[in-house]
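Below you'll find the structure, written out as structure tokens, and then a few comments.
Taken together, the values in this text are just the output of simple stated rules run on the coordinates, not laboratory data. Since this is a predicted model, take the numbers as computed values, not measurements. So basically every Cβ, Gly included, is an ideal-geometry build from the backbone, and we count neighbours across all protein chains shown.
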């Protein structure tokens, strides 16, 4: 729907859509006993439903001209069905090398967004043996100072059935605002954009936050300073150990973070010269601009806007050593002949 | 504005093509070489499977990292050391099933097809045998996988898997050549002797399983078969014990060692690749000074005392004095007393997989023996003992090892003495065999299997006998050299390795590449 008001000074566009995609191309993870690891199948129906709003205004038109346009879109993604298959687990992360997690992160489960995160919940640190004895049976035999895993299904033991949905890689909404301000010969143009509501799996913290010295890798300062050293010392980070991977090779909500962000993507300030008619130049413009100038986010990693292994619709939102976007500045002169 | 468009009807290839192209012997040999490479590669015998087999046993301990995880029994189903061997075995099984199915239509002679069929059955049986010992019952596949296969099979029982294993090895033995008649180009591939020997070991292991599950008559049948298969290797005269135990571990004599090594994985220094993907082995890096896989002090003590006092094999297999290349100082380990100026370290090291000039630390020349004639003689002795007790035949086979050990490097020693039947019972002789295997085969990946399959006199496994009883008196902690008294004080067992016995440790957990993905798969109890 398009609406124009006030002699074209104000325009709104609204869109509502519902899109159903069937016969998705998915990589079905196969059990090892087949001799294969995955198999591409056409399976599944996904529904994307959303609403988009775009506004274009000329806020002021006098000596100071300010054009503002913005958009916001909401989208929900829902896997409708996988045919005969119940649910599909994503590929294992960390099958070799030093990550040592070797567990899936994503799941394609009907009724949920495709690629939702499936994992355990961690509820703090065991402070003493009494807490361990009172807690659910965990086959890894935790000691005081180890992570407390939650018995989600209440059956008294910790196993694969205690994995639950712990995050959504898709934003609740995304928005962008472009401002173009002109005053005399100066022009300022900047774009602010943001994704709000998505979770990212910070897989780097699986290695950095476990206080595990076995591979002689780095440990994050927070994790080391906040390590458990005795009863009551910490309810967040575990005791240091040289053996016995602290996260027990389980993917958990400890490393799932809210990666909502608002970013000043670009900003350009320019000055347009007044060129006399007889000059060899027609136009001349001096400008300075920057890209990725400012990011507001609570995400602990380098860049909330990442996607390692983004080639599959089943595996969004994982940060494992992803290289962050750079901030760059440039300045120059545009000359027209 | 109007836009016209049209499309041509395109024929999309919609169904997979399943025709197999005609195979020549050279193609088939390439594929079989690939299967040997899978089993000997980084994801199986080069690294991934030898780590749990050597370090989850009682006689080694790991100082840090993955090695420590296994010796402290902290492993989980997610561990790549279970995932990769499992996946590798099934990849080999699927390749074998596929080739077996299409072998008939290959462009090759009848003799070639018969020998190849046996070779494929050997490789398939070997993979299933490895898995049933490590994990218990596993899904059985004897048909190749295609798009219409059922991807999710439940576990078969241990009995069913052994039935497949034993059938595969028996049929393999029928069609494979004798070692001394094997074509030179096929040196290293399996032989009749290899199939017969592993069949003997499989029957013996299965018999142990039946005994532990109260099927005494079934066990006796299995032991008889084990004894008969062992006899067929002995009578074939294809193998012998090398006179000098040290020659088995000398890489300048590696080819000749195959007079005793019935089947082994071959590695060679590989200039064309490095580290994990090279064709070299890496067990030398971990086990030799200053590696992370070290000998438990209490075990070393047992291997140099009692029956093994002054046993040449201990001197060959272990090292307690070496030049530390990091600081260029002579270093001695427990229990040796250092001379002036020498440094000390806590634990002895294994000295079998020695390469003076490896290309990198995952690129050693040393082969890995899977089964030697020495072990076959012990299998014969053990099977015979289970049937008839320590009789003449059993003792004769056993004592060949003692005789060879006394032979040292030419000079004959008085110890280890040959055993006589005086005072020996079936139970005590079985214990002697367990200990003999412990020294003769140390570091060759047999110890964990021996612990979980062999029975102590009280009818429980040797694993429980050690972890619930014999290891308890040893003081926790590693020995420390006291420079004032000039003695080794402190403990005799690496810290945190005296893990309390639990029945779950008699099997490894099913890896998550199966149990999380296959809804019909059940995990082993306790994991």
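Note on region B:24-155: Cα-only Rg and Dmax are 17.2, 54 Å.
Projecting label points 7 angstrom from Cα along Cα→Cβ for residue B:482 and residue B:435 puts them 2.8 nm apart. Against chain B, whose longest principal axis comes from its Cα atoms, helix B:158-175 is set at around 80 degrees. Ranked by the mean number of other Cβ atoms within 10 Å per residue, highest first, peptides A:100-110, B:382-392, B:197-207 order as B:197-207, A:100-110, B:382-392. Across chain B the C-alpha pair distances fall into 20 Å bins from zero in the proportions 21, 56, 19, 3, 1, 0 percent. Each peptide in B:452-465, B:500-513, B:43-56, B:246-259 gets a packing score, the mean of other Cβ atoms within 10 Å over its residues, and the list from highest to lowest is B:43-56, B:500-513, B:452-465, B:246-259. If you take the Cα centroid of region A:145-211 and the Cα centroid of region B:209-224, the two points sit 58 Å apart.
Between the alpha-carbon centers of region B:458-504 and region B:23-65, tell me the distance in whole angstrom. That distance is 30 Å.
Listed from fewest to most Cβ neighbours within 10 Å, the set A:231, B:104 follows the order B:104, A:231.
When all alpha-carbon pairs of region B:215-367 are counted, what percent fall beyond 26 Å?
Values: 5155 of 11628 pairs.
Pairs farther apart than 26 Å: 44 percent.
Sorted fewest first by neighbouring Cβ atoms within 10 angstrom, A:295, A:164 come out as A:164, A:295.
When the P(r) is computed for region A:188-323, the part past 27 Å accounts for 45% of the Cα-Cα pairs. First check a/c for region A:167-263, with a ≥ b ≥ c the square roots of the eigenvalues of its C-alpha gyration tensor; if it is under 1.5, answer rounded, and if not, answer prolate when a/b is larger than b/c or oblate otherwise. The shape class here is prolate.
Looking only at other chains, what is the average number of their beta-carbon atoms within 10 angstrom of each beta-carbon in A:100-111? Write down the numbers at each step before the final one.
On the way: counts 7, 1, 11, 5, 3, 0, 0, 0, 0, 0, 0, 0.
If you average over the peptide's residues, the count of other-chain Cβ atoms is 2.
Inter-part distance, region A:79-128 to region B:121-193, computed on C-alpha centroids, equals 34 Å.
Note on chain B: helix-only mean residue ellipticity at 222 nm, from DSSP H runs of 4+ residues weighted -39500 (n - 2.57) and normalised by residue number, equals -13000 deg cm²/dmol. Axis of helix B:192-212 versus longest Cα principal axis of chain B: the two differ by about 70°, to the nearest ten degrees.
Computed from Cα positions, the angle between helix B:392-406 and the longest principal axis of chain B comes to roughly 70 degrees. Legend: mean number of C-beta atoms from other chains within 10 angstrom of residue C-beta atoms, peptide B:514-521, equals 5. If I model region B:434-494 as equal point scatterers sitting on the Cα atoms and use the Debye formula, what is log10 I(q)/I(0) at q = 0.23, 0.26, 0.30 Å⁻¹? Each listed q corresponds, in turn, to -0.95, -1.04, -1.13.
Ordering A:209, B:307, A:15, A:138 by the number of other Cβ atoms within 10 Å of each residue's own Cβ, fewest first, gives A:15, B:307, A:138, A:209. For a paramagnetic label modelled on residue A:63 (point 7 Å from Cα along Cα→Cβ), amide N atoms under 18 Å away belong, within region A:184-221, to A:184-188. Semi-axis lengths, largest first, of the ellipsoid equivalent to region B:172-251 are 29, 16, 11 Å, with √(5λ) applied to each eigenvalue of the Cα gyration tensor. Spin-label model, residue B:489/residue A:221: points 7 Å from Cα along the beta carbon direction are separated by 4.3 nm.
Shape call for region A:24-150 from the C-alpha gyration tensor, a ≥ b ≥ c root eigenvalues: rounded (a/c under 1.5), prolate (a/b greater than b/c) or oblate? Oblate, since a/c reaches 1.5 and b/c is not below a/b.
From largest to smallest, the equivalent ellipsoid semi-axes obtained for chain A from the alpha-carbon gyration tensor read 48, 27, 19 Å. Placing pseudo-labels 7 Å out from each Cα toward the beta carbon at residue B:342 and residue B:114 gives an inter-label distance of 6.0 nm.
For the protein assembly as shown, what does the convex hull of the Cα positions come to per residue, in cubic angstrom? Mind showing how you got there, number by number?
Details: hull volume 221.0 nm³, N = 864.
Spelled out: Cα convex hull of the protein assembly as shown, divided by residues, is 256 Å³.
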